[in-house]
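S.K.: Quick one: this structure, given as C-alpha cells, is what I'll be asking you about.
The values are calculated or read from the model by the stated rules, or taken from the named source; none is laboratory data. Everything numeric here is computed off the predicted structure, so don't read it as measured data. As a convention, Cβ positions derive from the backbone with ideal geometry for all residues, glycine included, and neighbour counts pool all protein chains shown. The area values use the complete protein model at the heavy-atom level, side chains included, leaving out ligands, DNA and RNA. Shrake-Rupley method; radii C 1.70, N 1.55, O 1.52, S 1.80 Å.
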Amino acid sequence: RSRFVHFEKISMAPFGLRERLISLIRSEGERARQGETAEIMLKMNALEDRQMIEALYEASQAGVKVRLNVRGICCLRPGVPGLSDNIEVRSIVGRCLEHSRIVCFGAGAGLPSDEAKVFIASADWMQRNLVRRVETLTPIKNPTVHNQVLDQIMLANLNDRAQSWTLRPDGRYVRNAPTKGRQP
C-alpha cells in the first residue's frame, strides 16, 4: 500500500525477489553451459514455489550441482533422470526449530569459496512468501561472516550424518547413517 523504493543490495518480495533469485539461478546455469564450475547451495524450511522449482530443474539440466537443505515440505524431486540428476535434497529435523534461510551461488568459483555469492533471506520459497508477503534477501559482504556461513552452517548441515535424511526421487526420505569409521 506504499510506494516501492528501489534498493541497491537488498531484494524484496513482492517487488522482484523471485525474479532476482531466478536470475541468480540462471547465471549458474549459463556458467555450467560454458564449462565453468557451477554450484548452488540452499537452506530453507519449505520449497514449493513452482517457478523456483522449475528454475532449479533447468539449472540441474545445464549441469549445475544443486545441494539443498529443506527442513520441511519440498515439492522438488531430486535425482530424477533427465530432470534433476544434479540435485540433492537433505532434511535435518532436530530438537530446535530453525528458521535460517541461506542462498549460495558459486559464481564460477565453486562452493565454498571466497568469491561465492552468499545471501541470507527471510523467505521460504513458497508462493505466499514470494508474492503476498514482504520478505527480503540481502548479501553477506563481511568476509568472516561469509566464510562462517559457508563452512559452519551450509557445509556442516549438508555433511550431517547424525540427524539428516535424504529425499529420494520417489518422494521418500531415507535416514542417513554415520559414515563407517567416522564420528557422526
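S.K.: Looking only at the range 137-169, filter to residues that are part of a loop (DSSP other than H, G, I, E, B), within 14 Å of Val70 (Cα to Cα) and not charged (D, E, K, R); which one of those is least open to solvent (accessible area, probe 1.4 Å)?
M.R.: Of the residues in the range 137-169, the ones part of a loop (DSSP other than H, G, I, E, B) are 140-142, 159-163, 168-169.
Keeping just the survivors that are within 14 Å of Val70 (Cα to Cα) gives 159-160, 163, 168.
With the extra rule that they be not charged (D, E, K, R), the set shrinks to 159, 163.
Details: Asn159: 98, Gln163: 79 Å².
Within the range 137-169, the match that is least open to solvent (accessible area, probe 1.4 Å) is Gln163.
S.K.: From the set of residues in the range 51-70 that are over 22 Å from Arg172 (Cβ atoms) and of a type in the set (D, E, K, R), which is surrounded by the most Cβ atoms within 10 Å (Cβ to Cβ)?
M.R.: Ranking the candidates gives Lys65 first.
S.K.: Anything in the range 127-181 that is among the β-branched types (Val, Ile, Thr) and either touching a residue at least 12 places away in the same chain (Cβ under 8 Å) or under 22 Å from Pro78 (Cβ atoms) (or both)? List them, or say none.
M.R.: Passing the criteria: Val131, Val134, Thr136, Thr138, Ile140, Val149, Ile153, Thr166, Val174, Thr179.
S.K.: OK, next. Can you confirm whether Arg172 is open to solvent by 70 Å² or more (accessible area, probe 1.4 Å) and touching a strand residue (DSSP E or B) at 6+ places or on another chain (Cβ under 8 Å)? Talk me through it step by step, then tell me what you get.
M.R.: Details: open to solvent by 70 Å² or more (accessible area, probe 1.4 Å): yes; touching a strand residue (DSSP E or B) at 6+ places or on another chain (Cβ under 8 Å): no.
The answer is no for Arg172.
S.K.: Condition check: of a type in the set (S, T, N, Q), in contact (Cβ under 8 Å) with a residue 60 or more places away in the chain and touching a Cys at 6+ places or on another chain (Cβ under 9 Å). Does Ser91 satisfy that?
M.R.: On the way: of a type in the set (S, T, N, Q): yes; in contact (Cβ under 8 Å) with a residue 60 or more places away in the chain: yes; touching a Cys at 6+ places or on another chain (Cβ under 9 Å): yes.
Answer is yes for this residue.
S.K.: Moving to a separate point now. For Arg182, are the conditions met, namely being part of a loop (DSSP other than H, G, I, E, B), more than 14 Å from the chain's Cα centre (by Cα) and either loosely packed, with under 14 Cβ neighbours inside 10 Å or modelled with pLDDT under 95 (or both)?
M.R.: It is true that Arg182 is part of a loop (DSSP other than H, G, I, E, B), more than 14 Å from the chain's Cα centre (by Cα) and either loosely packed, with under 14 Cβ neighbours inside 10 Å or modelled with pLDDT under 95 (or both).
S.K.: Here are Ser27, Ser23: which of them is over 20 Å from Gly171 (Cβ atoms), within 17 Å of the chain's Cα centre (by Cα), surrounded by fewer than 23 Cβ atoms within 10 Å (Cβ to Cβ) and touching a residue at least 40 places away in the same chain (Cβ under 8 Å)?
M.R.: After ruling out the rest, the residue left standing is Ser27.
S.K.: Confirm whether Ala123 is of a type in the set (A, V, I, L, M, F, W, C), in contact with a Ser or Thr (Cβ under 8 Å, 6 or more places away or on another chain) and part of a loop (DSSP other than H, G, I, E, B).
M.R.: Yes; evaluated as a whole, the condition is true for this residue.
S.K.: Which of the residues belonging to the range 102-126 are free of Cβ contacts under 8 Å to residues at least 40 places away in the same chain, within 14 Å of the chain's Cα centre (by Cα) and open to solvent by 60 Å² or more (accessible area, probe 1.4 Å)?
M.R.: Across the range 102-126, the qualifying residue is only Ile120.
S.K.: Can you name the residue in the range 71-101 that is part of a loop (DSSP other than H, G, I, E, B), open to solvent by less than 40 Å² (accessible area, probe 1.4 Å) and touching a Phe, Trp or Tyr at 6+ places or on another chain (Cβ under 8 Å) and, of all such residues, is farthest from Thr136 (Cα to Cα)?
M.R.: Once the filter is applied, the top-ranked residue is Ser84.
S.K.: Something else: Would a scan of the range 68-78 turn up a residue that is of a type in the set (A, V, I, L, M, F, W, C) and within 18 Å of Glu135 (Cβ to Cβ)?
M.R.: Within the range 68-78, one or more residues are of a type in the set (A, V, I, L, M, F, W, C) and within 18 Å of Glu135 (Cβ to Cβ).
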